[in-house]
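The values are calculated or read from the model by the stated rules, or taken from the named source; none is laboratory data. Since this is a predicted model, take the numbers as computed values, not measurements. Here the Cβ is made from the backbone with ideal geometry for all residues, glycine too, and neighbour counts use every protein chain on show.
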Amino acid sequence: MEVVINPVRTLRGDVQVPGDKSISHRAVMLGALAMGETEIENFLTGEDCLSTIRVAQSLGVDIKMDQNRVLVRGGGLDALREPGDVLDAGNSGTTMRMMAGILAGCPFFSVLTGDASLRCRPMRRVIQPLTAMGARIAARGGNAYAPMAISGGDLCAITYTSPVASAQVKSAVLLAGLFADGPTTVIEPARSRDHTERMLEYFGARVEVEDKRVTVWGRPDLRGRKVTVPGDMSSAVFLLVAGATVPGAELVVRNVGINPTRAGALDILVQMGADLQIFNERRVNGEPVGDIRVRGGRLTGAKIGGAIIPYLIDELPALAVAAALAEGETVVRDAAELRYKETDRIDAVVKLLGAMGANITGREDGFIVRGGRKLTGTVCDSFGDHRIAMAAAVAGLQARGTTRIKEADCVRISYPAFFDTLNLISVQ
């Protein structure tokens, strides 16, 4: 599908974004492992989260959907059943890596695979710790890539020092730790997003967090809970960047998750001079939530790197657009993880914004943007990556002429109604 974006005069609106992708995944997984009913409201019905539902159903979990409401009936840690076929995670790295942790604890054989893109993403980072816990895993490319064949059960608790700050790696080990006797600990080089720890505790697990060290005790009595999924920061940030850069814009984005381990993009936008206000702050099933107002204005460049990177890794394509529309230089470093997403996002961002006239240079672990140039509409390749497609659209709102985005239907992964929302808030 090709989508056409025309420049706008300004933006106005009061909107909500879809449910948080990370929290939607985790709610289904923990609901499947808990005893009783878990009711999930505002579930993200994007393709990635639907992959998690399908995998859970293939393991015998009773799951019913009614639009964005999901009911999971779990039978406890020992209720999952050996699947009759290969489990397909689609394009979802979260599904594959975190389900690998669960399957490592289950006393049966299973095979996890995904689409061509996912089969090229690194899996050794979860295979190594899960193998150390006692799971037997064989994978393609010398145990580096999916498909993964897993023979699970009889896990032992470990203390694992992860070489990368990755919520997916940490979560895979913690979920496997639910099936082990005793405490399983993950130590990271920098603290990654903490949705898993928060939700484990919400469902009844014993969890201890100390700086970069997280411990979960095995064999907990997990109980089904009601989960209301907040709006996804990774989706909201595209609207916030649009609102912060379009002259005269004023947007309110409601019910956004503002978890500190996910809100790094807000800190950077404020550092760049964005007129942002968070109000109506509250806590919902252990997660901080708020409404965000943004007004258009002038931005300046920023330096983005170090410990904040895990808190905004998925938001960097949107921040790259902000940098291109800002005055001065923006330097992104320590973000080599971008190369292992749905596509090589460093390469994709450089090609996208470069084709539109931005002064952007790629680096091994990030990019440099020298802002201030007027962007020009062109034919953009999304590379089949939802975040690149949305970045192209936001850039196109202020480009000269028409912007055409190829394979734009990939936004269904995380924000199926994204282009409808842009139309709703656009003032021509």
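Observations on the model:
- Single residue of region 282-303 satisfying the filter (under 26 Å from S382 (Cβ atoms) and out of contact with any Leu (no Cβ under 7 Å at 6 or more places or on another chain)) that is surrounded by the fewest Cβ atoms within 10 Å (Cβ to Cβ): G296
Yes or no, residue by residue, for (1) farther than 30 Å from R373 by Cβ; (2) assigned to a loop (DSSP other than H, G, I, E, B):
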{"position": "V186", "(1), (2)": "yes, no"}
{"position": "R191", "(1), (2)": "yes, yes"}
{"position": "D221", "(1), (2)": "yes, yes"}
{"position": "V227", "(1), (2)": "yes, no"}
{"position": "S235", "(1), (2)": "no, no"}
{"position": "V241", "(1), (2)": "no, no"}
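- Test: residue in region 116-132 that is part of a loop (DSSP other than H, G, I, E, B), in contact with a Ser or Thr (Cβ under 9 Å, 6 or more places away or on another chain) and surrounded by fewer than 18 Cβ atoms within 10 Å (Cβ to Cβ): yes
- Some residue of region 92-110 being surrounded by 18 or more Cβ atoms within 10 Å (Cβ to Cβ), among the hydroxyl-bearing types (S, T, Y) and in contact with a strand residue (DSSP E or B) (Cβ under 6 Å, 6 or more places away or on another chain): yes
- Cβ pairs under 9 Å, 6+ apart, first in region 193-213 and on the phi > 0 side of the Ramachandran plot, second crowded, with 21+ Cβ neighbours inside 10 Å: G204/A34; G204/L222
- For the criterion of being assigned to a strand (DSSP E or B), modelled with pLDDT of 95 or more and either surrounded by fewer than 23 Cβ atoms within 10 Å (Cβ to Cβ) or not basic (K, R) (or both), I268 fails.
- Of the residues making up region 193-219, those that are under 25 Å from E37 (Cβ atoms), touching a helix residue (DSSP H, G or I) at 6+ places or on another chain (Cβ under 7 Å) and assigned to a strand (DSSP E or B) are V207, V216.
- Region 286-311, residues that are farther than 11 Å from T245 by Cα, in a loop (DSSP other than H, G, I, E, B) and free of Cβ contacts under 8 Å to residues at least 60 places away in the same chain: A302
- Within the set R193, R198, R219, R223, the sole residue that is closer than 24 Å to A27 by Cβ, outside the structural domain of T421 (by TED's automatic domain parsing) and at pLDDT below 95 turns out to be R193.
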